[in-house]
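The structure appears below as structure tokens.
The values are calculated or read from the model by the stated rules, or taken from the named source; none is laboratory data. Fair warning: this is a prediction, and the values are worked out from it, not measured in the lab. Here the Cβ positions follow ideal geometry from the backbone for every residue, glycine too, while neighbour counts run over all protein chains shown. Ligands, DNA and RNA are stripped out before the accessible areas are found, and what is left, the full protein with its side chains, is counted by its heavy atoms. Shrake-Rupley method; radii C 1.70, N 1.55, O 1.52, S 1.80 Å.
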Amino acid sequence: MTHDHDLVLRPTSAQTEAALNPPPGRNGGDLVVETLAGLGATTVFGLPGQHALGMFDALRRSDLRYVGLRVENNAGFAADAYGRITGEAAPLLLSTGPGALTSLAALQEAAAASAPVLAIGSQIPTAGLGGGRHGYLHELPDQASSFRGVVKSVHTVRAQSQIPSAIAAAWKSALTAPHGPVWVEIPQDVLLAPASLPVVTGVDATPDELVPRPELTAVAADLLSRAARPAIIAGGGVVRADASGKLRLLAERLSAPVVTTFGGKGAFPWEHPLSLQSWLEDRHTTDFLEDADVLLVVGSGLGELSSNYHTFKPRGRVVQIEADLGKLESNHPALGIHADARLALQALLETVEEREDPAAPERVRDLLARVRARLASQDLGLEQQVLASVRRALPADAPSFWDMTILAYWAWSAFDAKSPNTMHSAQGAGGLGYGFPAALGAAAADPTRPVLAVSGDGGALYSIAELATARQYDLNVTWLIVDDGGYGILREYMTDAFGQATATELTRPDYVALAESFGVPGVRTSPETLEADLAEALASPGPSVVVLPAVLRMFAPTHLG
């Protein structure tokens, strides 16, 4: 009798010959890039450093495309965006110590946004490992410990034979729902030593499927089918699972209004009769959701930004579908279903009963009218004009990447993303400097579409060096910089809280002249000419910068009293 576990794929004679006589001139770095190629990677991001030179030397012997940025944190943001756009694990090659640690803020954003990033860093030589004080350049007592609280998993290599399996395990971890960043570290001497191992050819790292428990989806389907006022909150998990089509089918079958979180922008059509859009920072929306007798939350942990700063207190039954186990019922009691959003929505579609509610679209229209009336009472015409100009100038299928800036905070609530997986921001971890380097990563992923980056002048200063990257690789990114003279939102927060602002005003460069010094065309625009200038820049191949001098204000918060 032959059992499955007795079956072994036997190598051909050519494969045997290649294994017995690997090509000369390879090192441990070749095992890294061969494994990445075997897993399906095509593009890697990073920054070279002394201990990592074995990996970078190996790149010239591979078919992998390398996109090098000027700061490790920016390289991490670029890899994050590449992972969001493609759904692949984006390799990020880094050096030891300062190079590795400089990527931490980007990896925190990737973790918060469930973006698959495969960070591979070097280490000091093997003889220096173990926490002693040997005095190696870049030495840390325990480098991996700096990453354990940030990434999904940590994988440490001590010998060349461990490289393929460690990278494959990390790849699988990054792409198993919920997606996220992972960390692999390899000592310098392991990367530099000559490699006598065969060329890495077959690597299997198929991610696990996170399927819902059927008894839970049966209960959820019954609750939703019998609900009088069901509603749905759709988060980023819907976008990452490519489940927006299934979400729409379920909402229409249940006549359930849908609001998308800021991370879930585009998960539901903006102008759909059941669309509550994304006005989560509005008390009218909060009240509407609290009134639902059954609330389906898909792909969201209902964190601070998705709960109107934790003022949301649901009165009905909550059903929560979430791939991140730690987020299940972390903020509200619920029927918690630990599952990938796509698989769970499919299970509900197969079991839920159709319910008709002709009044649901009217309730949605009434809510949106009240939101618009609240905004209309606040003299915010400039802000709405600027955001509308950006939307008209940006092609419907073009991705946009938003830094932590006032225009982005408006966009979270008021911007129609047009389609899933096209609007991304740093609202996961909330760090500055995300927009432009992330847009570069997206442009590297898909050079056929223009990409928009949006920053304030404060956030822009984090990323100026990457104008060189944009020019070097001729990446098709238009960078809109809204220049208000400082950290605008912090100025507003401090003035409201303390009567005046401190440490918020900035001396800035002439951004147009600076861009042009990098060989990147720049233009200074105004609110009246923004649409035309932005559309022209987006239609022109290669990088460009559009600077808008303007002081924007946020709409009044509704969670403070």
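Rounded to whole numbers, the Karplus 3J(HN,Hα) couplings from phi for segment 350-366 are 7, 10, 6, 9, 5, 10, 9, 8, x, 7, 4, x, 5, 4, 5, 4, 5 Hz, using 6.51 cos²θ - 1.76 cosθ + 1.60 with θ = phi - 60°, and x at Gly and Pro.
Could you order Leu302, Leu325, Leu506 by accessible surface area, starting with the largest, using a probe radius of 1.4 Å?
Solvent-accessible surface, decreasing: Leu325, Leu506, Leu302.
Could you work out the local net charge near Arg133, counting Lys and Arg as +1, Asp and Glu as -1, over the other residues with Cβ closer than 14 Å to its Cβ? Residues close to Arg133 contribute a combined charge of -2. Rounded to the nearest 10 square angstrom, Arg158 shows an accessible area of 100 square angstrom against a 1.4 Å probe. Around the amide H of Val545, modelled in the peptide plane, lie the amide H atoms of Trp479, Gly522, Val523, all under 5 Å away and 5 or more residues distant in sequence or on another chain. Backbone amide hydrogens, once placed in the peptide plane, bring Ser425 within less than 5 Å of Trp402, excluding anything fewer than 5 places away on its chain. Here the accessible area of the chain is 53 percent carbon and sulfur, with a 1.4 angstrom probe and all protein chains present.
At a probe radius of 1.4 angstrom, the accessible area of the chain per residue rounds to 40 square angstrom. Bridge orientation summary for the chain: considering DSSP beta bridges with both residues in this region, about 5 percent are antiparallel. Relative protection proxy for 201-211, 340-350, from highest mean packing down: 340-350, 201-211 (other beta-carbon atoms within 10 angstrom). Taking a Cβ cut-off of under 11 Å around Gly485, the surrounding Lys, Arg, Asp and Glu residues balance to a net charge of -2, with basic ones at +1 and acidic ones at -1. Using the alpha-carbon atoms, what tilt in degrees (0 to 90, nearest 10) does helix 381-393 show relative to the longest principal axis of the chain? That helix lies at roughly 50 degrees to the long axis. Helix 435-445 and the long axis of the chain differ in direction by around 60°, with both axes built from C-alpha atoms.
Only helical runs count toward this figure. For the chain, summing -39,500 (n - 2.57) over DSSP H runs of n ≥ 4 and dividing by all residues gives -11000 deg cm²/dmol at 222 nm. Computed over segment 371-435, relative contact order equals 35 percent, with contacts defined as Cα pairs under 8 Å that lie 6+ residues apart. Scan (i) 1.02; (ii) 2.32; (iii) 1.09 for the value of Cα Rg over 2.2 N^0.38 Å calculated from this model and give just the label. Computed from the coordinates, Cα Rg over 2.2 N^0.38 Å corresponds to (i).
By the scheme Lys and Arg +1, Asp and Glu -1, what is the net charge of all other residues having a beta-carbon under 13 Å from that of Leu467? It works out to a net charge of -1. Ranked by the mean number of other Cβ atoms within 10 Å of their residues, highest first, the peptides 481-490, 233-242, 496-505, 184-193 come out as 233-242, 184-193, 481-490, 496-505. Once you divide the Cα radius of gyration of segment 189-342 by 2.2 N^0.38 Å, the number left is 1.29. Couplings 3J(HN,Hα) for segment 95-104, derived from phi with the Karplus relation 6.51 cos²θ - 1.76 cosθ + 1.60 (θ = phi - 60°), are 9, 8, x, x, x, 5, 5, 5, 7, 4 Hz, where x marks Gly and Pro. Close amide H contacts of Ser122 (hydrogens built in the peptide plane, cut-off under 5 Å, sequence separation of 5 or more or a different chain): Leu94, Ser95, Thr96, Ile186.
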